[in-house]
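Enquirer: Shown below is the structure under consideration.
Since every read-out is calculated from the coordinates, none of them should be taken as a lab result. Source: prediction; values computed, not measured. Neighbour counts run over all protein chains shown; Cβ positions are idealised from the backbone, glycine included.
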Amino acid sequence: MVKTEDEILPSFYLDPLTDFGFKKIFLNKELLIAFLNDLLCVHIKDIQYQPTEGLGDRAEYRRVIFDLFCTTESGEYFIVEMQVGRQTFFADRALFYASHAIRKQAPRKKYWNYELKAVYVVAILDFITFKEESVKNTVIEQVYLYREHGGKQFSDKLNLIFIELPKFTKQANELQTNTDKWLYLLKHLSTLESPPYIEGNIFKRFLEVAQVRNLTPTEMETYTRTLKRDYGVRDIVSYAKRETRDEERIQFAVKLLKRKTPVAEIVELTELTTAQIQDMLKNLQ
């Protein structure tokens, strides 16, 4: 269902799954460092934000635009992306982004021994990419380069981290680790109308930074505009999912009718209405 103007108006907190909200929160260095350290079990002490737009070596090469791009005090590269709408080749996109950070390290001199600093692409996804039964409850999936026969890591310089928010189902009273708290806030922040009770100074700071009332009038105008755009994309995605599910249920119902399954049983199995099932039965006769 498409949102009305009233439903699009900003709530108490920024929506971190919008482009504006995500950057407004995580362009705070303290928050980004804590987020990366907790979710990836790394030990970053400081970061430097880098330009988010990168160009190829020549003007005609495709450019890349990151959500957040930064380097650590030890020279590692972190690209942090937030993606709401499903993208068919998002895994390829993550590799493409990583390749940019890898190529960027080549010095413009004749001799170089090819030693690289590690590159991390952290993708926060509002959809599910990995659907195997074995990982149905795995919220954070990490991808590395491994040797097929040796069974050991080939290199620690390329790291892809996919955070699938729909798989995170814990409620506020079930949060145990800092990772739980970050994931909960990312997923639910925009629906909260008052500060939740979440222990930890970094999370108090997060909730302070994320309050809509801190925006300037110009920022509020920009945020409202991006809300309308981003929620429009989400409505389209949601509608497509519903249409797909409805079509699958209809096809299943037709199969059951052909097997002479009772209408009441089909209604229970498919959640279609009795009238819908009876109309389909008429068309089959």
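Enquirer: List every residue whose amide H lies under 5 Å from the amide H of Thr261, counting only residues 5 or more places away in sequence or on a different chain, with H placed 1.01 Å from N in the peptide plane.
Expert: Under 5 Å from the amide H of Thr261 lies no amide H from a residue far enough along the sequence or on another chain.
Enquirer: How high is the relative contact order of the range 9-214, in percent, with contacts defined as C-alpha pairs under 8 Å that are six or more residues apart? Let's see the in-between values first.
Expert: On the way: 296 pairs, mean separation 51.1, N = 206.
Relative contact order of the range 9-214: 25 percent.
Enquirer: Using θ = phi - 60° and the Karplus relation 6.51 cos²θ - 1.76 cosθ + 1.60, list the HN-Hα couplings for the range 276-285 in order, rounded to whole Hz, with x at every Gly or Pro.
Expert: Couplings: 5, 5, 5, 5, 5, 5, 4, 5, 7, 7 Hz.
Enquirer: Using only Cα atoms, tell me the angle between helix 29-40 and the longest principal axis of the chain; keep it within 0 to 90° and round to the nearest 10.
Expert: That works out to roughly 70 degrees.
Enquirer: Continuing with this model, one more query. Roughly what percent of Cα-Cα pairs across the range 83-196 reach past 20 Å?
Expert: Working: 3605 of 6441 pairs.
Summing the P(r) tail past 20 Å for the range 83-196 gives 56 percent.
Enquirer: What are the lysines whose alpha-carbon lies under 23 Å from the alpha-carbon of Lys109, with same-chain residues fewer than 8 places away excluded?
Expert: Answer for Lys109, where 23 Å is the Cα cut-off: Lys117, Lys157, listed by chain and number.
Enquirer: Next up: Enumerate the amide H contacts of Glu81 below 5 Å, restricted to partners 5 or more residues apart or on another chain; note that Pro and chain-start residues carry no placed amide H.
Expert: For Glu81, the qualifying residues are Val122, Ala123, Ile124.
Enquirer: Under a point spin-label approximation (7 Å from Cα along Cα-to-Cβ), what is the Leu281-Glu247 distance to one decimal in nm?
Expert: With each label point 7 Å from Cα toward Cβ, the separation is 2.7 nm.
Enquirer: For Thr18, enumerate residues with amide H under 5 Å from its amide H, sequence gap 5+ or separate chain, H modeled in the peptide plane.
Expert: Here nothing satisfies the definition.
Enquirer: Mind scanning Lys187/Lys228; Lys255/Lys282; Lys23/Lys170 and naming the pairs with a C-alpha gap bigger than 23 Å? Walk me through the numbers on the way to the answer.
Expert: Details: Lys187/Lys228 19 Å; Lys255/Lys282 14 Å; Lys23/Lys170 25 Å.
Where the Cα-Cα span goes over 23 Å, the pairs concerned are Lys23/Lys170.
Enquirer: Taking every pair of Cα atoms in the chain, average 1/r, invert it to obtain the Kirkwood radius, and report Rg/Rh to two decimals. Mind showing how you got there, number by number?
Expert: Details: Rg = 23.2 Å, Rh = 22.1 Å.
Expressed as Rg/Rh, it is 1.05.
Enquirer: Quick one: helix 217-258 against the long Cα principal axis of the chain, what's the angle to the nearest 10°, folded into 0 to 90?
Expert: 40 degrees
Enquirer: Longest exposed-loop-site-free stretch of the chain, with trypsin sites (Lys or Arg not before Pro), DSSP loop and at most 12 other Cβ within 10 Å?
Expert: On the way: sites that count: Lys45, Arg58, Arg62, Arg63, Arg108, Lys109, Lys110, Lys131, Lys136, Arg147, Lys152, Arg259, Lys260.
That would be 153-258.
Enquirer: Another one. For a test of the definition: using alpha carbon positions, the gyration tensor, and the 1.5 limit on a/c, classify the range 97-155 as rounded, prolate or oblate. Present the calculation step by step, with values, prior to reporting the outcome.
Expert: Details: a/c = 4.46, a/b = 1.80, b/c = 2.48.
Oblate is the answer for the range 97-155, as a/c is 1.5 or above yet b/c matches or exceeds a/b.
Enquirer: Relative contact order for the range 245-284: what is it in percent, counting Cα pairs under 8 Å that are at least 6 residues apart? Present the calculation step by step, with values, prior to reporting the outcome.
Expert: Details: 23 pairs, mean separation 15.2, N = 40.
It comes to 38 percent, rounded to a whole number.
Enquirer: Now a separate question. Helix 178-188 sits at what angle to the longest principal axis of the chain, using alpha carbons and giving 0 to 90 degrees rounded to 10?
Expert: 50 degrees
Enquirer: Mean 1/r over all different Cα pairs, inverted: what Kirkwood radius does the range 245-284 give, in Å?
Expert: Details: mean 1/r = 0.1037 Å⁻¹.
Kirkwood radius, the range 245-284: 9.6 Å.
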